[in-house]
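Colleague: Here it is, the structure, as structure tokens.
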Amino acid sequence: MDMNVYYQQNNTIKKHLKKTKMKLNSDIPSFKGFIRKSYLTKNDKDVNIFVNVYCFGIQSISGVILTFHVMTDDGMLRSRVPISEIYIKEPVNDIPFHFKQLWDCFSENVSVISYDFLGYHKAQIVLKDGSKIWATYMFTVDWYDNPYSDEPSDYKCGHIFKADDGYLLCQPNNRVFWKDSNWVTKTMSEDLKQFKVDTNLPSVENQSNRWVTEDTNSFYYDIKLKKD
């Protein structure tokens, strides 16, 4: 095969693989909730009317708010419903949409996980203006293969919480102060500025210029330090 053709085909395959691994949409632990009817009708007169929905998926688009796929109890399927429009109960003290999610989505490459350890844990969330609210953990959204998530000092995931007042939140680690009656028994230091972001992720193999395996087919091969 002509090498130019080979490289061209190989690059085409790589581009295809890069495209196909983009997730965009993801299943989530489904839950019942509400959305304001005014979101569906675009009529301000419906702002205090709430519609029953089942939330069953998310969609992540770089540079905008996290959105959900929902189905109403009269059979309407709606996609790209912003997290700020979804409620677990009718809110008494709602907050601005840009308080509910601190950072826009980082990428279409997204994963969802519900950590067993964090399940049903309460936490105090510090909003962008410094005010604090209580909320309960639901699941976590994490992004990958983008300039921010790949840079250790910029990496952030989004924990999805249901606030005690009924709205949903998407907040990073440094805005969440967890509570656990059995494990979290100490008071967090008041000097939060002492805690720094990560600056690198070490690679165990970048030392391999000094360590080599034996050149055999042995299953239990030896590893030796290479002499200078």
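Colleague: Kirkwood Rh and Cα-based Rg: tell me the resulting Rg over Rh for segment 40-149, rounded to two decimals.
Modeller: On the way: Rg = 15.2 Å, Rh = 15.8 Å.
Expressed as Rg/Rh, it is 0.96.
Colleague: Whole Å is fine, so just give me how far the alpha carbon centre of segment 53-105 lies from that of segment 112-181.
Modeller: 15 Å
Colleague: Also, quick follow-up: What is the sum of charges around residue 121, taking Lys and Arg as +1, Asp and Glu as -1, for the other residues whose C-beta is under 13 Å from the C-beta of residue 121?
Modeller: Values: positive: 122, 162, 179; negative: 116, 180.
Charge balance in the 13 Å sphere: +1.
Colleague: Also, quick follow-up: Looking at the chain as a GNM with Cα springs under 10 Å, which of 107, 60, 181 has the largest mean-square fluctuation?
Modeller: Taking springs between Cα atoms under 10 Å, the residue moving most is 181.
Colleague: With springs connecting C-alpha atoms under 10 Å apart, model the chain as a Gaussian network and identify which of 136, 41, 187 has the largest mean-square fluctuation.
Modeller: Greatest mean-square fluctuation among the candidates belongs to 187.
Colleague: Right, here's the next one. In Å³ and rounded to a whole number, note down the convex hull volume per residue for the Cα atoms of segment 106-223.
Modeller: On the way: hull volume 25.2 nm³, N = 118.
It is 214 Å³ per residue.
Colleague: How long are the three semi-axes of the equivalent ellipsoid of segment 85-172, in whole Å, if each is the root of 5 times an eigenvalue of the C-alpha gyration tensor, listed from largest down?
Modeller: Details: eigenvalues 106, 44, 27 Å².
That gives 23, 15, 12 Å for the three semi-axes.
Colleague: Now, a different point. Roughly how many nanometres apart are two label points built 7 Å out from the Cα toward the Cβ at residue 153 and residue 179?
Modeller: Going by the 7 Å Cα→Cβ label model, 3.5 nm.
Colleague: Rounded if a/c is under 1.5, else prolate if a/b is larger than b/c, else oblate: which is the chain, with a ≥ b ≥ c the root eigenvalues of its Cα gyration tensor?
Modeller: Numbers: a/c = 2.67, a/b = 1.54, b/c = 1.73.
Oblate, because a/c is 1.5 or more while a/b does not exceed b/c.
Colleague: Let me ask something else. Over the chain, with the other protein chains present, what is the accessible area per residue in square angstrom, probe 1.4 angstrom?
Modeller: About 69 Å² of surface per residue is accessible.
Colleague: Among 23, 45, 100, which one moves the most in a GNM of the chain with springs linking Cα atoms closer than 10 Å?
Modeller: 45
Colleague: Tell me the Rg and the Dmax, in Å, that the Cα atoms of segment 148-197 produce.
Modeller: Final numbers for Rg and Dmax: 13.7, 35 Å.
Colleague: Right, another one. Just from its helices, what would the mean residue ellipticity at 222 nm be for the chain, if runs of 4 or more DSSP H residues each count -39500 (n - 2.57) and the sum is divided by every residue, rounded to the nearest 500 deg cm²/dmol? It would help to have the intermediate numbers written out before the result.
Modeller: Values: 3 runs with 27 residues, N = 228.
About -3500 deg cm²/dmol.
Colleague: Still on this structure, I have one more. To the nearest 0.05, what FRET efficiency results for residue 46 and residue 103 with a Förster distance of 25 Å applied to their C-beta separation?
Modeller: Numbers: r = 30 Å, r/R0 = 1.20.
So, using R0 = 25 Å, E works out to roughly 0.25.
Colleague: Based on the Cβ-Cβ distance from residue 204 to residue 115, what FRET efficiency comes out when R0 is 25 Å, to the nearest 0.05?
Modeller: Working: r = 25 Å, r/R0 = 1.01.
Efficiency, rounded to the nearest 0.05: 0.50.
The values are calculated or read from the model by the stated rules, or taken from the named source; none is laboratory data. On a predicted model such as this, the values are computed, not experimentally measured, just so you know. In this analysis, Cβ positions are derived from the backbone assuming ideal geometry, glycine residues included, and neighbour counts consider all displayed protein chains. Ligands, DNA and RNA are stripped out before the accessible areas are found, and what is left, the full protein with its side chains, is counted by its heavy atoms. Shrake-Rupley method; radii C 1.70, N 1.55, O 1.52, S 1.80 Å.
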